[in-house]
Amino acid sequence: MLQITGSLFSLGLKVKIVPPVQSWIDGDLSVGQIKEVKIEDLLGRDPINIKNPDLEHQYDNKVILITGAAGSIGSEICRKVSLYNYKKLILVDNAESALYDIQQEFRQLGLENIEAIVADVRNRTRIDQLFNLYKPKIIFHAAAYKHVPLMENNPFEAVSVNIGGTKNVADIAVKHSVDKFVLISTDKAVNPTNVMGATKRIAELYVSCLKGKGHTKFITTRFGNVLGSNGSVIPLFKNK
């Protein structure tokens with residue numbers, strides 16, 4: 001379906017989902033049955049439900065801080081974590097407009113105890129202040145530059161955020177005896193052939209070196225290509 005949709009978009013056509021042809025023949029088709037294409041329609045399987053008892057126990061009454069909270073990965077982590085009985089959810093990002101959007105989304109859902117903080121992970125003093133103020137126990141570090149071609153032309157920024165920013169947040173997590181630090185990495189870190197992948201691999205190695213240095217448990221998870229993420233084909237299709 002994705003190939004067909006892509007071909008139609010390339011022709012400048014809009015794509016919608018309609019009921020089976022038999023419904024047309026039987027005269028059962030109505031305007032309300034014509035729907036926009038959703039990401040789930042292109043997935044080819046049912047979405048995975050990640051809410052489970054183990055996570056409920058881990059997140060219960062905990063202050064959870066998410067960096068890169070306004071990004072495509074970070075914001076989805078926020079949505080999933082918000083399903084649990086957290087004590088407070090701290091959303092950290094330096095992109096104020098996108099952070100405002102996710103904040104408004106949560107407010108419309110009636111979610112409480114959520115703080116949206118404009119901050120840059122490269123600012124070590126500022127991040128330390130946030131840890132002192134909110135005392136988070138679980139960290140999801142999703143803040144990163146991820147676009148491969150852009151980072152090839154902007155290696156300084158890739159190094160300063162993907163390596164320097166990760167070092168700051170990880171060091172401060174150890175300093176404040178955070179329970180768990182989860183680094184969101186990428187499959188591009190495997191035998192890296194570009195700046196983005198190399199910086200993420202260095203970030204992984206640094207985090208690995210901190211294991212056993214204190215109370216904090218460090219975990220690294222790698223993402224492949226994520227359907228619907230910023231810069232992927234789905235948002236491009238939607239903007240056509």
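Quick note: the coordinates plus some simple rules give every number you see, no bench work behind them. On a predicted model such as this, the values are computed, not experimentally measured, just so you know.
Give, in nm to one decimal, the length gained when the segment between H215 and R107 is fully stretched (0.36 nm per residue of separation minus the Cα-Cα distance).
Residue separation times 0.36 nm, minus the Cα-Cα distance, leaves 35.5 nm.
Once amide H atoms are placed 1.01 Å from N in the peptide plane, what residues at a sequence separation of 5 or more from A119, or on another chain, have their amide H within under 5 Å of its amide H?
D93, N94
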